[in-house]
Each structure stands twice: as C-alpha cells, then as structure tokens.
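Student: Questions regarding the structure given below will be posed in turn.
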Amino acid sequence: MFLIRYYEIMSFLPKIEKITRDATISHFFLMFGYKLFSLYFPLFLVARGLSLPEVGYTYLLIYLPIAISAPLVGFLNHKINPIILAGLGIFGYGIYCLAMILIQPGISFYLFQVFLGISAALFFVSMRGILMSAKLENADRAFAWFYSAPFYANAIAPVVGALFIWKFNFLGVFAFSLVIQVMNAIFCLTQLRKNSFKPMTNQHDRAVLSENNFVKNYQKAIKKLKEKSILIPILASFSVLLLGGFYRAFFVLFRWRKYSAVSGG
C-alpha cells in the first residue's frame, strides 16, 4: 500500500534528470552549510574585534572576487573538467569554515575572504557549465530546479544555525558547516561523474575559447559599457546590489545593538 501511494505521488511530480537532481542537491547543501552562519556573520566579525568599516571591507573581499574570477573560471571550464572545479569550490567552502575556527583577524583572515569568493565562483560557474553541457530534456526546468535550491536552504538553515550558535557558539556552527561541505564535495565528485556529461572540449570550442579570443571578448565588453543603453542599466543594477550589501552586512548589527540597548545588555 505504501509503495502504491509513493508512486501515485511521484507521478504528479515533474520529471527531473539525474544530473539536474544531483546538481540541485549539491547546490542545496552548499547553500545550507553557508547560510548556517551567513546571517549572523556580522555578529561573528564584531565579536572578533572588527569595526563597522572592517565588516564592510570583509563583505567586499568576499563578493568582489566572485565577479572578477567568474570569467576566468568559465574559461577554465573548457580546459578542466567542471565537475572537478565544482568539487574544489565546495571544498573551498569547507576550508574557509576551518579557517574561521583557527585564524584570528589579520592579513590571513582577509585573504580567506577572497578565497571564499573564488570558491563560490568555482562552484556556481562550473555547475552552470555542467548543466549547459548536459543533454537535458528541458533546460529551463533544470535551471529552475537548480536555482530554487538556495530558497529552500534559506528557509531552514538560519534557524538551525541559530540553535548551533546558541548551544556551541560560532565554533560549533562553523564545524557543522565544515562537515556538510566536505560530505557535499564528496557527493559532487562521485555522483556527478556518473552522469552522461561531456565537457565542451571539441575543436570549435578550443578556437572560440582561445586566449586571443578571451582577451578580445573582454575588450568588446569594455567598449559596450561605454554605451548609455548598457551603462545605465548596469549602474542601476550595481546600485541595487550595493544597497543590498549594506542591508546584508549591517542590518543584523543594527537589530542586535537596538535589542542590547533596550534590554540593557
């Protein structure tokens, strides 16, 4: 009876390819492990003795390398198996958690913020390359599954993270995240290799992605940025992201200080 009910339920769910399922699972656990502490990360930084400007610098050092290194990772995807690059990106998240446990604020601390940004670029660009190169029945549906994973993680992880911080302090939540990322990296490297996936490494791709064309594409992009039709929307998007960054970095601190003032703590 249970199996009959199970298959009845599954028949109503949309079909999902194995590679899409595995990529989505890996994305979910990557973001789950990260969002365990990301909401409370400003509190961790202040507890480590960082000032408000230094909190802002820390976030800049995380997110700026993502934008800078993403094109380079896209280039590497055509020379190195993206599954390996994605796995390295997940391991990078785990190494970052270990560093947050062991390293005190200083040059090494800031370098690991850059390291996290590069790790994020390795994962997200490589995973997108994997899905784009896979033989998918419905690419739109596959990407919808993949990009919905962070929303589910965001609904659960902060609550779990708060419990770990309350019970074991930040060391406990970073240790838990470390375990999740290591297991996720192993899952990514083992399960995604079983899928029918062929990186774009044929002769045409090598020609398109040659070093010369890589530089020319950057030159064309810079020229396009000078056009008003391109520059204005980009500046508007940048402004929105900048304001979102302010909110992300300082809103938790604002609420915490307001609560402390009211409670007398």
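The values are calculated or read from the model by the stated rules, or taken from the named source; none is laboratory data. It should be emphasised that the depicted structure is a prediction, and the values quoted were computed from it without experimental measurement. Note: ideal-geometry Cβ built from the backbone for every residue, glycine included; neighbour counts use all protein chains shown. The protein model used for the area step is the full one, side chains on, heavy atoms only, and it has no ligands, DNA or RNA in it. Shrake-Rupley method; radii C 1.70, N 1.55, O 1.52, S 1.80 Å.
Student: Go through S177, S210 for me and flag whichever is modelled with pLDDT under 65 and open to solvent by less than 50 Å² (accessible area, probe 1.4 Å).
Tutor: After ruling out the rest, the residue left standing is S210.
Student: Take the residues in region 114-152 that are basic (K, R) and farther than 20 Å from F75 by Cβ; name whichever of them is least open to solvent (accessible area, probe 1.4 Å).
Tutor: It comes out as R141.
Student: Something else: Applying the selection to region 32-50, what residues are within 14 Å of Y96 (Cα to Cα) and either among the acidic types (D, E) or open to solvent by 20 Å² or more (accessible area, probe 1.4 Å) (or both)?
Tutor: Correct list: Y34, K35.
Student: Filter region 51-71 down to the residues that are within 9 Å of G117 (Cα to Cα) and modelled with pLDDT of 85 or more, then identify the one that is surrounded by the most Cβ atoms within 10 Å (Cβ to Cβ).
Tutor: If we take residues in region 51-71 being within 9 Å of G117 (Cα to Cα) and modelled with pLDDT of 85 or more, then I62 is surrounded by the most Cβ atoms within 10 Å (Cβ to Cβ).
Student: Given the residues L98, L102, L85, L76, which is the only one that is under 17 Å from G117 (Cα atoms) and without any contact (Cβ under 8 Å) to a residue 12 or more places away in the chain?
Tutor: L76
Student: Pairs please, first residue from region 155-173 and without any contact (Cβ under 8 Å) to a residue 24 or more places away in the chain, second anywhere and open to solvent by 40 Å² or more (accessible area, probe 1.4 Å) and among the hydrophobic types (A, V, I, L, M, F, W, C), Cβ atoms under 6 Å, 6+ apart in sequence or on different chains.
Tutor: Note: pairs meeting the criteria are G172/F164.
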